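A quick write-up on the structure given underneath.
The values are calculated or read from the model by the stated rules, or taken from the named source; none is laboratory data. None of these values were measured; they are calculated from a predicted model. Heads up, the Cβs are rebuilt from the backbone with ideal geometry, glycines too, and the neighbour counts pull from every protein chain shown. Heavy atoms of the whole protein, side chains included, go into the accessibility calculation; ligands, DNA and RNA do not. Shrake-Rupley method; radii C 1.70, N 1.55, O 1.52, S 1.80 Å.
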Amino acid sequence: MDRVVPGAPVGHHEDMQIRGDDVPESPLSPLPGPSAAWWQTGVLYQIYVRSFADSDGDGVGDLRGVIDRLDHLSWLGVDGIWLSPITPSPNADWGYDVADYCSVLPEYGILADLDELVAAANGRGIQVLIDLVPNHTSDAHPWFVESRSSRQADRRDFYVWVDPKPDGSPPNDWVGCFGGPAWTLDETTGQYYLHNFLPEQPDLNWWSEDVRRAFDDILRFWWDRGVAGFRIDVCNMIVKDAQLRDNPPATEDDPFIWQMFGQRPQYTSNQPEVHDVLRHWRQVANGYDPARVLLGETNVEELEMLATFYGDGADELSLGFNFPFVESPFEARPLRAVVERTEDLLPPGSWPVWTGSNHDVSRLATRWAGGHPDKVRLALLMLLTLRGTPVLYQGDEIGLTDVELAHEEILDPVGLRFWPAYKGRDAERTPMPWTAAPNGGFTDAGSTPWLRLGDPAAANVADQHHQPGSVLHFVRDVVAVRRRSSDLLTGNYRSLDSSETTWVWRRGRKTVVALNFGDDPAEIAVPVSSQVAVGTDPSRDRSPVAGTMTVGPWEGAVLVETG
Ligand code: NOJ
């Protein structure tokens, strides 16, 4: 199987004593053939480095902290990690304003730490993806410093510089994703520059061949040192309309977010030429053995549009985040509709990706589950058993909820700008609680973490580790069962008939997943002779089921036909 970067051992999690290990071999089908790539069968895990683990007591997570916690990820059964930006940054947007694409933020460590992390992770069968931010740089990036210095600067063309309109106003009506005009007038040269996020994040000009060549070098820089792929920030927006035409006004039929900005992003997002860039990157990625992974942040409203980023199924993104799924209410019908539509629309050979939390959206335990423990388990079971790659966000595995912060604690520029209407993204970025100790073992008890933790006693890794019935053990069990089932790893998805508040689907030849999204028990038709392989209620594991199953409120189970 195409699982590892060169030099990394294939064996993985050999020493696990797991619930899944006790499941009799017979009901689980054999592992998939060699055609599945590691990132298709694997479970990915997002690490927000700043909040993961602080090894040196400065209150900020770092790469050595990640190394120190690899055993946790290995124990959990994770196959790949995605590190949010690790590159130098003034942190106007917490790492998404990159000042140097080929180095490490000193607070996080040095390049040698990254190399050590890759080697240590690979040694545990874990691949390392990092964030690539191609849409914009920091205004402190030497490219921008040079570009803004004069109209004749060599790298003037790396960014989008345009004269004001005759009345001095910006060149067009574009608004940025963080609100306000997408243009800032630079006094030095009397031209506006484009920024679809903060003014401190000038957009690169992807019509420049020099920019494209510079990124080829960046891809190779990281891939040559064993990085397994990139999560690509706002990858659907990097190329803008060459004529810089005005975006049309939003109508009341448009998605809420467009109405909020007052315009459709017709000329700022999803331009046809972005696909040329992605096709080219895929070719570069395929030049490596194993092929490097392109995981796109495809923040699009329509699944039809999402599908286009997979190209012909093999020539653009390997994986594209599904935002309609993330944004769905936690109800059987809407979630099922997104999944069915995704299954219908994605080109043959392409691979979905399912996630419920990240550093930009409220955590699944809060947003979907409202802190209700059964709903948390149900959401996790869903993510881990659909056809596609699950991406867990750090803390999902312990059912971590958002942390409510006061105005004076907010560090996210978007929260500061829109408070109190929108409180920003800090609530889902607070540090990981590893223990019940003060500061949750994230940093020294006497240090000040960069963002305040919630109550570490409420949910933390160490305590749940010692509780066999915890969310943490549940996630590990589901991952273990998944790992041993070719149906769950690669089997087709097919919805089965069920009531309004339940969602039941078949995976592959003999696996059925039944989820109850209702407050009442539900009768679910299941194969005549089957067994619970794993479920949200551990007491039902391995129990036989015949024809119908009564699934409790917010209960879910994976059933395997035994007959
Ligand atoms: C998406 C990133 O996930 C988010 O955190 C960031 O603010 C924007 N892109 C801009 O880079």
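General observations
- For the range 219-244, a residue qualifies if it is more than 16 Å from the ligand (Cβ to nearest atom), assigned to a helix (DSSP H, G or I) and either surrounded by fewer than 17 Cβ atoms within 10 Å (Cβ to Cβ) or polar (S, T, N, Q) (or both), and the qualifying residues are Arg220, Phe221, Asp224.
- In the range 262-279 there is no residue that is among the small types (Gly, Ala, Ser), within 16 Å of the ligand (Cβ to nearest atom) and not in a loop (DSSP other than H, G, I, E, B).
- Matching residues in the range 376-414 - criterion: being open to solvent by 10 Å² or more (accessible area, probe 1.4 Å), under 27 Å from Asn492 (Cβ atoms) and part of a helix (DSSP H, G or I): Arg377
- Of the residues making up the range 425-441, one or more are among the aliphatic types (A, V, I, L, M), touching an Asp or Glu at 6+ places or on another chain (Cβ under 7 Å) and under 18 Å from Asp360 (Cβ atoms).
- Hey, Asp216 closer than 23 Å to Phe321 by Cβ and of a type in the set (Asp, Glu) or not: no
- Boolean, Ser485 is hydroxyl-bearing (Ser, Thr, Tyr) and crowded, with 22+ Cβ neighbours inside 10 Å: yes
- Of Arg341, Arg377, all but one fail to be modelled with pLDDT of 95 or more and either touching a strand residue (DSSP E or B) at 6+ places or on another chain (Cβ under 9 Å) or hydrophobic (A, V, I, L, M, F, W, C) (or both); the exception is Arg377.
- Of all residues in the range 423-440 being touching a residue at least 24 places away in the same chain (Cβ under 8 Å) and away from the ligand (no atom under 16 Å from the Cβ), the one that is farthest from the chain's Cα centre (by Cα): Ala436
- Test: residue in the range 293-311 that is polar (S, T, N, Q), farther than 27 Å from Ala369 by Cα and buried (at least 20 other Cβ atoms within 10 Å of the Cβ): yes
- Scan of the range 204-217 for residues that are surrounded by fewer than 24 Cβ atoms within 10 Å (Cβ to Cβ) and either assigned to a loop (DSSP other than H, G, I, E, B) or in contact with a strand residue (DSSP E or B) (Cβ under 7 Å, 6 or more places away or on another chain) (or both), ordered by number: Asn205, Trp206, Trp207, Ser208, Val211
- Checked against the criteria, Gly388 counts as touching a strand residue (DSSP E or B) at 6+ places or on another chain (Cβ under 7 Å) and at positive phi.
- Filtered residue count, the range 175-198, keeping only those that are assigned to a loop (DSSP other than H, G, I, E, B) and closer than 20 Å to Asp100 by Cβ: 3
- Pairs linking a residue in the range 499-522 that is among the aromatic types (Phe, Trp, Tyr) to a residue that is open to solvent by less than 10 Å² (accessible area, probe 1.4 Å) and in a strand (DSSP E or B), with Cβ atoms under 7 Å and 6 or more positions apart or on different chains, are Trp503/Leu515; Trp505/Val513; Phe517/Thr502; Phe517/Trp503.
- Some residue of the range 494-514 being in a helix (DSSP H, G or I) and of a type in the set (Gly, Ala, Ser): no
- Residue pairs meeting the criteria (Cβ under 9 Å; at least 6 apart or on separate chains; first farther than 14 Å from Thr268 by Cα, in the range 170-187; second small (Gly, Ala, Ser) and away from the ligand (no atom under 15 Å from the Cβ)): Leu185/Gly168
- In the range 245-260, the residues that are open to solvent by 20 Å² or more (accessible area, probe 1.4 Å), away from the ligand (no atom under 15 Å from the Cβ) and not charged (D, E, K, R): Pro248, Pro249, Ala250, Thr251, Pro255, Phe256, Trp258, Gln259, Met260
- Filtering the range 340-369 to residues that are within 16 Å of the ligand (Cβ to nearest atom), assigned to a loop (DSSP other than H, G, I, E, B) and touching a Ser or Thr at 6+ places or on another chain (Cβ under 7 Å) leaves His359, Arg363.
- Qualifying residue in the range 516-536 (condition: at positive phi and open to solvent by 20 Å² or more (accessible area, probe 1.4 Å)): no
- Qualifying helices (runs of 4 or more DSSP H) (wholly inside the range 416-491; at least 1 residues being among the β-branched types (Val, Ile, Thr) and at pLDDT below 95): none
- When each of Arg476, Arg452 is tested for being out of contact with any His (no Cβ under 7 Å at 6 or more places or on another chain), open to solvent by 10 Å² or more (accessible area, probe 1.4 Å), within 17 Å of Gly395 (Cα to Cα) and touching a residue at least 60 places away in the same chain (Cβ under 8 Å), the lone residue that passes is Arg476.
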